[in-house]
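Quick notes on the structure that follows.
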Amino acid sequence: GSAAFIGGSLVPPGGHNPHDPAVWGVPGLSGPHVHNFQEVYHEMTTAGAAVIVGGVDELTDALSTWLDNPRAAGVAGAAGRTVVEAKRGATARTAAALLELLEEASES
């Protein structure tokens, strides 16, 4: 199994985007400082693709769980990839709708 620790999340400035490991189908572990990506973390933890831990001991335990159970890590990673792909689809649909509105506006 594999898992990624999302750097910067054990200190107040906040961690990186949990979508980064999810793109590769890898579940993410993060420290408690996730305010800078709060909505993204909510989506990822709800999907089971990321786990927020309180500190180093919890991080070690959570990491061991995924490394000792590759199937669970794979399921979590796949869930994260699904969240990312759904977001990509939403972005593409939004961009297409905006382009359509711009075309309509320029024709009138």
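The values are calculated or read from the model by the stated rules, or taken from the named source; none is laboratory data. Everything numeric here is computed off the predicted structure, so don't read it as measured data. Areas reflect the complete protein model, heavy atoms only, side chains present, ligands, DNA and RNA absent. Shrake-Rupley method; radii C 1.70, N 1.55, O 1.52, S 1.80 Å.
What to note about this one:
- Solvent-accessible area, 1.4 Å probe, carbon plus sulfur percent, for the chain: 59 percent
- Residue 31 long-range amide H proximity, modeled H, under 5 Å: 6, 9, 10, 53
- Tensor-based shape of segment 1-99 (alpha-carbon gyration tensor, a/c under 1.5 rounded, otherwise prolate or oblate): oblate
- Accessible area (Å², 1.4 Å probe, nearest 10) - residue 75: 100 Å²
- Against the chain, whose longest principal axis is taken from its Cα atoms, helix 70-107 shows a tilt of about 20°.
- 1.4 Å probe accessible area per residue over the chain, in Å²: 60 Å²
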